[in-house]
Structure formats: structure tokens, C-alpha cells
Amino acid sequence: MKAITIKFSLAVLLHHCTNIKRVIPILLVMLLLSGTSNLLAQDANGLLSEIKTKLQKVNDYVGEGNLVTDVSFINIPDSKVKVYFRQPDQFRIIKADGISIFPKGGMSVSLNTLLSGKDFVAVPGGYTTYNKKKMAVVKLLPVAENSDVVLTTLVVDESTALVHKTTTTTKDNGTYETFLEYGKYLSWGLPDKVLFVFNTNAYKLPKAVTMEYEGSKKAAAKKPAGDGKGRVSVTYDRYLINKGLPKGIF
Amino acid sequence: MLQLLQIELFKIFRRPRTYISFVAIGAIVMLILLAFYVDGANYMAFGLQSLTQSFEIQGNVLNGYLICFIILQTLLIHVPLLIALVAGDQVAGEANMGTLRLLITKPVSRTNLMLAKFFASAIYTMMLLVWMAFLALLLPVLIFGTGDLMILKSEEVVVLSKADVLWRYFAAFGFAAIAMTTVAALAFLLSIFAENSIGPIVSTMSVIIVFTILSTLDIPIFNAIKPFLFTTHMIGWKGFFDEPVSWQQVLQSAGILIIHIVGLVVASVIIFRKKDILS
């Protein structure tokens, strides 16, 4: 579309302007303007490259933290968990002797899993104010045609190349957001806290076929309905980075 | 009174059919354990299908605590029959054998006789539940180990921490003892009207089946009568597996069942005291 516009503009200019000297500066301005978007794309790619470089410093990690699940229809206590990651995208949360439940597509609880080992086309999305700070918006379009992820939007602090928020739209698992807070492990690009937010409206539990206690139903009916969003957060106490992982974790 | 109770207990445990219940519970628990040991993973995959479509579940879901819950859920529907077998036989069995008339010629009040017979039935019920608790809780824990307990309900999925489960089972078995004693009291009352133990056993089970169907059907016309049916409250043991426990509801259900027990036993004593014993 842009190319057609340029050709049309050139034809109009050549038709109306007889003096070639008057045309050259206008042509130069137009060329400069048409090249601006390419320069911005390079910025977005550059920023993505910086983020990836930072993340690739971490080959593997074991994170110890506290898992909090806040989903209206899942009643599960907060628990201590160990989070295992290995490049490029192996990720697992384990609660010792316990059960943990995550929404499918919850791989973006880890930013490394979302970005590592995958090819994206980065598109600049301008700037936004996040946590009272000006941050760049980068939209990522996956190159692979069969990718479940359709679009990922990153809110990035350009000065540190740290991603503070991601919004991911998938084919099968809806849209979810991740909020990342940094602290002690900022230099590794690893967050101290990750909050994963997803829509729960689509999830329906089947009616149980066994007899259910009326008292339990009454107690459940008294609970507030919620805002249609589920939240899973992991607050990390510490990471063991690049120390290797035990076999058979994944 | 104590001597009467000992005599009644002796009568109960002298009969071979009393032990049918213990053998039946043992066999059912063993079969369930074998099934889970051989094919538990597939059963769990099928049972959790609806949840795993949207969520990833990590950890050992199939553990001893979950199997105990499944066994209780399965058995506590059928145990009333095993209790009715003995409680329904208490008076009707004596009438059938022709020993009831002889029994009341003894220098014992009819009230004491009835209370002794009822307490003997209640003790049998407790022993059956202790046996069930031993098999349903201890064996699965020994075989499958312990872990967090995950329960699927219509309204929510509840996951209870490993350390927070055992007391709930003790409380649930305590509640089940009250619920099953209600069944014993009902069978005991019906036993007075019959001269053959089959009648009260079948009648007790019929009442329980009809009431359970009414309690289970989610139809507005039945919802109004649900709170008045004792079968609605018999599954109150499940309330201990809510988080937090809905104490008010559970205690209310326990209270209603205790009122039923007292009412049924008092009615049994009054009716028996006035009954003309002809057999």
C-alpha cells in the first residue's frame, strides 16, 4: 500500500514539476519518512534481541517460592513450590507430596518459556505508562504457522530490557496476562514475583453424578461470584541459576 | 442393664450372618484397592477428564486419602443394608423364633429390654464402621501413600493439604456413626411391627432408597422437602471435606440425625411397651 502511495506521489510530482531541482528535496523527505517505520522495526527487534540475550544468560534454574491460586471454583491452599526451568522451554512447577493446578497455556508463568527458542516478528507498539514509568510496547507475531500463540504484547523497560507485562492471545487457551515484578535477580532477568491472570468464564465444571451434601452447596452458594478472572502467582524466595537440574524432572 | 446388653451382644455376635457384613465390606474394599492398583491411572484420567481439558494437574492425585474418600462414598450408600440386616432382626427375629414371649416373661422391664437391644445394634454399627475405617483408610494409605486430597464437586474443586486431611476422616467417621445409628434406629422401630426379619430389612432399605432418590433429585418440588428427610443429612460427613468446613450445616445435620435417633428409639420403646405380644 505504501509503495503504491509513493509511486502515485512521484507521478503527480513529475507531472506538475518541471524543475527537477525542486523535486529532489521533496523526494528525499519522502524517502526519509518511508524509512522511519523500518528504523522503528529495527528498534523493536533490537529490544527483543536484548531481552532474549538477557534471558539466555540463564541456561537452567530452580526457583523456590510460594504459589497462590485465586480461582473462584478452585479451592486450593497456598503452598511452597519448586519451579524448574531448562532452555529452551522446559518448565515445571512441583509441589513436594502435593497437588498443583494450573490453567493450560500457563507456560507464560515463565517469561523464558514464552520467548526462548521461538522465532517472532517484532512490531513496535509505541509507548505506554506502566507503574508510573514510560515503557515500550512490543508486539510479537510468531513465525511458525502452527503456533498456538497468535499474538504476544510485551511492555518493556527499555533502559533495563526487562519485561514487566505480557498479554498473550492463543488459539486454544484464550487470552492471558502476566505481570512481573523484579528485585534481587534483576540482572538475570528473573522476576521476584509473577502474577498470571486468565479468563475463567469459559471454564465449566461438570455436574457431579454422586450425591452431594446440601450443606456444602449452601456454603458454596454464599461465596462471592468473582470477576471472571483467575489469578495464579508465584513469589520467589530464591533461585539457583545455572547449577544444573536433577534428571527426570521434565 | 449392662448384663442385658452383654446378652444381646452375645446373641448378635453368635450368629454367623452378623459376620457377613464384615466379610462383605472387606471384600468390597479389597476389590476397589485391587482395581485402583491395577488401573487407577486410567480411572483418574477418565474422572478428571473435564478438568484436564482446561487445566494441568501436577502431583500424586491417586493417593491413599483419595481412595479412602472414594471407598467411603461407595460404601456408605450400601452399609445401611448391612446394618438393617442386624437391627431389623432384633425384635422380629425373636418373634420369628418364638422367643420374644418367653423373653418378656423375665423380670426385666420392656423399656430396658428395648434399650439393651438398641444399644447392642448401635455397638454392632460402630464396630462395622471401625472395621470399615481400618480397611478404607489404613490399607490405602499403606499401599498408595499419603498426599494432598483433591475432591471434585459441582461447584468447585477442593484440594486439601496432606496435613489437613486425617482429622477430617476421623470427624467423618464420627458423623457416619451418627448417620448409620439413625438407620439402625429406623430398622429397629420397624422390627417391632414384624414377625419376620425380612420385612423390617426390606422396609428400611425401601425408605432409605426412596428418601435418597428424593434427596438426590434436583427438582424444585422435591427441594422443599429435602431438609426434612434424614437421608439429606446422612451424607453430612462430606461437609468435613469442605474448606472451610461449613460447621453450622454439619452440626445442624448431626443434630437432626440425633433427633431422629432419639425419636425413633423413644417411639420403639413406647410402641413395644403397649404391644400385645402374641408370638
Exactly one condition in (1) surrounded by 17 or more Cβ atoms within 10 Å (Cβ to Cβ); (2) within 14 Å of chain A (Cβ to nearest Cβ) is not met by B:A224; state its number. (1)
Hey, which of the helices (runs of 4 or more DSSP H) in segment B:1-110, taking only ones fully inside, have at least 3 residues that are within 13 Å of chain A (Cβ to nearest Cβ)? B:18-47, B:49-52, B:64-87
Residues of segment B:204-221 being without any contact (Cβ under 8 Å) to a residue 40 or more places away in the chain and either more than 12 Å from every other protein chain (Cβ to nearest Cβ) or out of contact with any Leu (no Cβ under 9 Å at 6 or more places or on another chain) (or both), in sequence order, are B:S206, B:V207, B:I209, B:V210, B:I213, B:T216, B:L217, B:D218, B:I219, B:P220, B:I221
Does segment B:255-276 hold any residues that are over 10 Å from B:I192 (Cβ atoms) and either aromatic (F, W, Y) or touching a helix residue (DSSP H, G or I) at 6+ places or on another chain (Cβ under 7 Å) (or both), and which are they? B:I256, B:L257, B:I258, B:H260, B:I261, B:L264, B:V265, B:R273
Does segment B:179-203 hold any residues that are under 14 Å from the mean Cα position of the chain (by Cα) and either without any contact (Cβ under 8 Å) to a residue 24 or more places away in the chain or more than 14 Å from every other protein chain (Cβ to nearest Cβ) (or both), and which are they? B:M180, B:T181, B:T182, B:V183, B:A184, B:A185, B:L186, B:A187
Could you look through segment B:246-266, keep only residues that are facing chain A (nearest Cβ under 9 Å) and out of contact with any Ser or Thr (no Cβ under 7 Å at 6 or more places or on another chain), and pick out the one that is surrounded by the fewest Cβ atoms within 10 Å (Cβ to Cβ)? B:Q248
Looking at the structure I just gave you, is B:S109 within 30 Å of B:L264 (Cα to Cα) and without any contact (Cβ under 8 Å) to a residue 24 or more places away in the chain? yes
Subset of segment B:132-166 [out of contact with any helix residue (DSSP H, G or I) (no Cβ under 9 Å at 6 or more places or on another chain) and either closer than 24 Å to B:V79 by Cα or more than 7 Å from chain A (Cβ to nearest Cβ) (or both)]: B:F134, B:A163, B:D164
How many residues, within segment B:115-146, are over 19 Å from the mean Cα position of the chain (by Cα) and surrounded by 23 or more Cβ atoms within 10 Å (Cβ to Cβ)? 1
What about B:G239, is it surrounded by fewer than 22 Cβ atoms within 10 Å (Cβ to Cβ) and small (G, A, S)? no
Check A:V150 against each of (1) at pLDDT 90 or above; (2) in contact with a strand residue (DSSP E or B) (Cβ under 7 Å, 6 or more places away or on another chain); (3) not basic (K, R) and name the one condition it does not meet. (1)
From (1) over 16 Å from B:F144 (Cβ atoms); (2) out of contact with any Phe, Trp or Tyr (no Cβ under 9 Å at 6 or more places or on another chain); (3) not hydrophobic (A, V, I, L, M, F, W, C), pick out the condition that doesn't hold for B:Q58. (2)
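The values are calculated or read from the model by the stated rules, or taken from the named source; none is laboratory data. Worth saying up front: this structure is predicted, and the values here are computed from it rather than measured. All Cβ positions, even for glycine, are placed from backbone atoms using ideal geometry, and neighbour counts span all protein chains on display.
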